[in-house]
1. If I build a Gaussian network model for chain A, linking alpha-carbon pairs within less than 10 angstrom, which residue out of A:Leu88, A:Leu27, A:Leu78 has the largest mean-square fluctuation?
2. Which of rounded, prolate or oblate describes chain B when judged by the alpha-carbon gyration tensor and an a/c cut-off of 1.5?
3. Once the other residues with Cβ under 14 Å from the Cβ of A:Arg63 are scored (Lys, Arg +1; Asp, Glu -1), what is the net sum?
4. Taking only Cα atoms and a 10 Å spring cutoff, compute GNM fluctuations for chain B and point out the largest among B:Phe89, B:Phe62, B:Phe103.
5. Could you work out which residue, out of B:Ser19, B:Ser69, B:Ser49, moves most in a Gaussian network model of chain B, that is, has the largest mean-square fluctuation with Cα springs under 10 Å?
6. Counting Lys and Arg as +1 and Asp and Glu as -1, what is the net charge of the other residues whose Cβ lies under 14 Å from the Cβ of A:Thr112?
7. Roll a 1.4 Å probe over the protein chains and send me the accessible area per residue for chain B in Å².
8. Counting other Cβ atoms within 10 Å, keep those with at most 16, restrict to DSSP loop, and tell me which GluC sites (Glu not before Pro) in the stretch A:1-107 are left.
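The values are calculated or read from the model by the stated rules, or taken from the named source; none is laboratory data. All figures in this text were calculated on a predicted structure; none of them were measured in a lab. Positions of Cβ are generated from backbone atoms using ideal geometry, with glycine treated the same way; all protein chains shown enter the neighbour counts. Protein only, heavy atoms only, side chains kept; ligands, DNA and RNA dropped before computing areas. Shrake-Rupley method; radii C 1.70, N 1.55, O 1.52, S 1.80 Å.
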Amino acid sequence: ETGVTQTPRHLVMGMTNKKSLKCEQHLGHNAMYWYKQSAKKPLELMFVYSLEERVENNSVPSRFSPECPNSSHLFLHLHTLQPEDSALYLCASSAIRAGGTEAFFGQGTRLTVV
Amino acid sequence: DQQVKQNSPSLSVQEGRISILNCDYTNSMFDYFLWYKKYPAEGPTFLISISSIKDKNEDGRFTVFLNKSAKHLSLHIVPSQPGDSAVYFCAASGMERDDKIIFGKGTRLHILP
């Protein structure tokens with residue numbers, strides 16, 4: 001149990017579907033992140049929320065829409081995805097502090113777009 | 001343009017021997033470095049970190065070495081155990097509050113019996 005929980009663990013969706021990924025952290029952290037891991041690519045940072053405010057949007061297509069209603073919850077809303085969006089989507093959280101900080105990850109959602 | 005590079009996609013090491021995983025970075029503003037371990041179907045797990053004021057940090061079987069002039073760090077695992085078989089990600093960030101963590105592509109470590 002890492003303290004960061006993602007649901008669902010696996011998701012298969014059609015290109016016309018709308019779905020949401022959910023992340024919840026129980027670590028008292030105040031920053032949350034969405035990462036994408038595709039085969040043979042580095043972990044790609046998608047979005048960062050710091051104190052519930054989006055501070056980073058790494059040129060992610062608008063078919064991915066994040067939502068952070070409070071410091072413990074993070075969502076990634078998906079609509080009209082493409083097959084190349086199939087990947088492992090990882091949520092992470094961290095404390096905000098100077099001096100370096102480590103992020104703690106959830107187990108990820110394996111997304112397949114058909 | 002990759003700022004954090006792990007040039008070896010995979011590495012095989014005999015059980016009981018030392019595993020050495022390497023990582024290079026290009027951004028001289030990075031001041032904090034991390035290693036994560038990832039099993040299949042799980043999220044990465046934080047393993048060990050080092051800040052730029054140190055050149056070595058040790059935690060049990062795991063030691064991270066940092067060479068700032070060469071922009072190079074390495075993770076040593078000794079002795080290697082079967083449970084160490086996983087993908088290892090090197091990551092780096094600045095020391096400021098909002099600095100994001102940049103990950104490498106990972107190195108798959110196989111521990112051979």
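1. A:Leu27
2. Working: a/c = 1.86, a/b = 1.58, b/c = 1.17.
It is prolate, given that a/c is not under 1.5 and a/b is the larger ratio.
3. On the way: positive: A:Lys18, A:Lys19, A:Lys36; negative: A:Glu84, A:Asp85.
The answer is +1.
4. Fluctuation is largest for B:Phe62.
5. Checking each option, the largest mean-square fluctuation is seen for B:Ser69.
6. +2
7. Details: 5560 Å² over 113 residues.
Accessible area per residue: 49 Å².
8. Working: sites: A:Glu1, A:Glu24, A:Glu44, A:Glu52, A:Glu53, A:Glu56, A:Glu67, A:Glu84, A:Glu102; in loops: A:Glu1, A:Glu52, A:Glu102.
Loop-located and lightly packed - A:Glu1, A:Glu52.
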